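Okay, so here's the structure we're looking at.
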């Protein structure tokens, strides 16, 4: 389980790096085209440096706008909340926002759903609402999930034993 989370994160990092490399190569190509166009115009006697500088400034501005989107690892705020974006899954959020936790994903899913019923339709972890702000589970949330399940199972077992005591016994 742990290995698959790390693999997913490393795959996402590789994709992010590939996008950045592609973006840099596009920009370098655009710069070369701008310089080539400027040199061609200069050879013809038509120097249009203002237009070239304006195009170059626009390219740099576009790079600055795209960089945060490509470099962002997760949308976790400092207070432990996460903003759900369209198309995300709970497993993806767990992999990006809570990497390397030595807990089963099922426990983390249940802790997140119990702490944020407003973000899930019918408390189903597969039906998340986009645009909702969810609280990532802390130790108390995880403790409630783990020990509530075990105490429920113990109560059922105890009641079953008590019920069997009232059965009629034949020799």
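The values are calculated or read from the model by the stated rules, or taken from the named source; none is laboratory data. Everything numeric in this text was worked out from a predicted model, so none of it was measured. All Cβ positions, glycine included, derive from the backbone under ideal geometry; neighbour counts span all protein chains shown.
Residue 108 meets all of the listed conditions (1) at pLDDT 85 or above; (2) assigned to a helix (DSSP H, G or I); (3) more than 11 Å from residue 90 (Cα to Cα) but one, namely (3). Within region 103-125, being free of Cβ contacts under 8 Å to residues at least 24 places away in the same chain, touching a helix residue (DSSP H, G or I) at 6+ places or on another chain (Cβ under 8 Å) and crowded, with 16+ Cβ neighbours inside 10 Å holds for 109, 113, 120.
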